[in-house]
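Quick notes on the structure that follows.
The values are calculated or read from the model by the stated rules, or taken from the named source; none is laboratory data. Here the structure is a predicted model, which means the values were calculated and not measured. Here the Cβ positions follow ideal geometry from the backbone for every residue, glycine too, while neighbour counts run over all protein chains shown. With ligands, DNA and RNA removed, areas are computed over all heavy atoms of the protein, side chains included. Shrake-Rupley method; radii C 1.70, N 1.55, O 1.52, S 1.80 Å.
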Amino acid sequence: MKVYLDNAATTPIDPEVLDAMLPVMKQTFGNPSSIHNYGRETKALVEQARRQVASYFKVSPGEIFFTSGGTEADNMAIKGAVEDLNITHAITSKIEHPAVLLPLENLEKKGKITLDFVKVGNNGHVDLEDLELLLQKNSKPAIVSLMHANNEIGNLLPLKKVAELCQKYHAVFHSDTVQTVGHYSLDLTGIPIHFITCSAHKFHGPKGIGFLYINGNIKISPLISGGSQERNMRGGTENVYGIAGLAKALEIAHRTMAAQQEYILGLKSYMIEQLETKIPGVEFNGDAKKSSLYTVLNVLLPETSKKEMLVHFLDISGIAASAGSACSSGSNTGSHVLRNIGTDMNRPSVRFSFSKYNTKDEIDYCVGKIAGVYKD
Ligand code: PLP
């Protein structure tokens with residue numbers, strides 16, 4: 001049996017998305033910057049996709065900028081804010097994605113900003129009182145960057161509450177929403193947020209395409225210059241079939257969202273229940289049973305001498321899961337997220353992440369294989 005439970009890393013493309021992309025690859029091949037008929041046709045397609053994307057977030061199409069994905073969008077927001085909005089102070093958490101942590105740490109090294117890390121509790125939630133203290137005590141113009149859902153443990157941030165706190169202290173607010181766009185309905189009306197980010201391959205769209213939402217009240221410079229594409233905000237010929245695929249994937253996600261949420265949450269709850277029944281001592285990293293992304297379950301297993309081999313063993317059994325961003329390069333330092341929420345690193349942790357294509361049979365197979373490790 002082959003079981004794919006690594007959907008937070010990437011998802012398989014939806015065939016309906018592929019069907020929307022193929023004619024664009026085959027026929028709508030004009031360069032959107034060309035003024036002839038071929039170019040105009042492609043340009044119309046890109047602008048239609050932008051309008052469609054904007055409508056799901058109730059924002060203006062002029063606030064959506066297509067990028068190569070989440071990493072670029074995060075970089076563009078952070079570097080642009082520091083460069084152009086006179087930001088000299090940043091607040092983030094130690095459990096952010098490297099697409100946020102690395103640019104911020106580099107800006108700090110270059111002396112462009114001071115960087116504060118907000119406290120994170122053992123349950124993986126950002127301490128909002130500490131955030132307010134950090135905002136209060138620093139009078140320099142600040143950017144706050146906190147992710148909407150953590151890609152390793154699934155914890156959800158109360159986006160509106162944090163946005164309002166930032167507004168109270170006149171801070172710019174960026175949220176990496178890569179794990180929530182396409183999984184939740186995100187109406188930005190009434191949320192005072194400046195930047196959100198998207199990556200299509202996290203919700204059955206193609207890889208190499210995403211977007212950055214930039215609130216119309218602020219203006220930053222491009223990260224990539226060289227052409228007048230994206231209204232002078234991102235040089236380079238547009239990834240036209242990617243854009244068409246992103247729009248289609250988002251349309252499907254929003255059309256089927258309620259049913260998918262219920263179905264996938266059902267799978268996650270079932271896996272929790274099965275693991276608790278079959279593996280005494282099992283626990284879950286983060287806030288798995290409460291304020292948590294329904295697609296992610298980070299399992300803290302009992303200690304075993306087979307810890308280092310666990311993900312490989314699952315792989316040999318046909319199961320794709322992830323040990324977080326840990327050990328992928330052979331390092332034994334483990335996941336920065338788990339370390340920073342005080343997880344017992346002597347015990348194995350495995351992240352399982354689900355999609356609409358998973359089934360209860362697959363969960364049974366997977367739990368059976370893990371339980372087997374503790375029986376031998
Ligand atoms: N931010 C988060 C929370 C992610 O999970 C990912 C994907 O791993 C990214 C950013 C990067 O997105 P992309 O792969 O589109 O560059």
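Here are a few things to note about the model shown:
- Checked against (1) open to solvent by 70 Å² or more (accessible area, probe 1.4 Å); (2) within 16 Å of the ligand (Cβ to nearest atom), ALA77 meets all criteria but (1).
- Hey, GLU83 more than 12 Å from the ligand (Cβ to nearest atom), under 19 Å from SER221 (Cα atoms), outside any strand (DSSP E or B) and among the acidic types (Asp, Glu) or not: yes
- Among the residues of segment 104-139, those identified as open to solvent by less than 50 Å² (accessible area, probe 1.4 Å), over 15 Å from LEU157 (Cα atoms) and in contact with a Ser or Thr (Cβ under 9 Å, 6 or more places away or on another chain) are LEU104, ILE113, LEU115, ASP116, ASN138.
To keep it simple, each residue is scored yes or no on (1) in contact (Cβ under 8 Å) with a residue 24 or more places away in the chain; (2) of a type in the set (A, V, I, L, M, F, W, C).
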{"site": "THR67", "(1), (2)": "yes, no"}
{"site": "THR71", "(1), (2)": "yes, no"}
{"site": "ASN75", "(1), (2)": "yes, no"}
{"site": "VAL82", "(1), (2)": "yes, yes"}
{"site": "ILE87", "(1), (2)": "yes, yes"}
{"site": "PRO98", "(1), (2)": "yes, no"}
{"site": "PRO103", "(1), (2)": "yes, no"}
{"site": "LYS110", "(1), (2)": "no, no"}
{"site": "LEU115", "(1), (2)": "yes, yes"}
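- Taking first residues from segment 347-365 that are modelled with pLDDT of 95 or more and partners that are aromatic (Phe, Trp, Tyr), the Cβ contacts under 8 Å between residues at least 6 apart in sequence or on separate chains come to PHE354/TYR294; SER355/TYR4; LYS356/TYR263; TYR357/TYR4; ASN358/TYR4; LYS360/TYR270; ILE363/TYR270.
- Filter result (in a loop (DSSP other than H, G, I, E, B) and open to solvent by 20 Å² or more (accessible area, probe 1.4 Å)) within segment 55-74: LYS58, VAL59, SER60, SER68
- Exactly one residue among THR177, THR189 is within 25 Å of LEU85 (Cα to Cα), out of contact with any Asp or Glu (no Cβ under 8 Å at 6 or more places or on another chain) and either buried (at least 21 other Cβ atoms within 10 Å of the Cβ) or among the aromatic types (Phe, Trp, Tyr) (or both), and that residue is THR177.
- The criterion of at least 3 residues that are away from the ligand (no atom under 14 Å from the Cβ) is met, among strands (runs of 3 or more DSSP E) falling completely within segment 100-215, by 114-117, 142-145.
- Selection status of THR42, open to solvent by less than 10 Å² (accessible area, probe 1.4 Å) and either outside the structural domain of ALA244 (by TED's automatic domain parsing) or of a type in the set (Val, Ile, Thr) (or both): yes
- Of all residues in segment 224-280, exactly one satisfies the criterion of being of a type in the set (Lys, Arg), at negative phi, touching a residue at least 40 places away in the same chain (Cβ under 8 Å) and surrounded by fewer than 17 Cβ atoms within 10 Å (Cβ to Cβ), namely LYS278.
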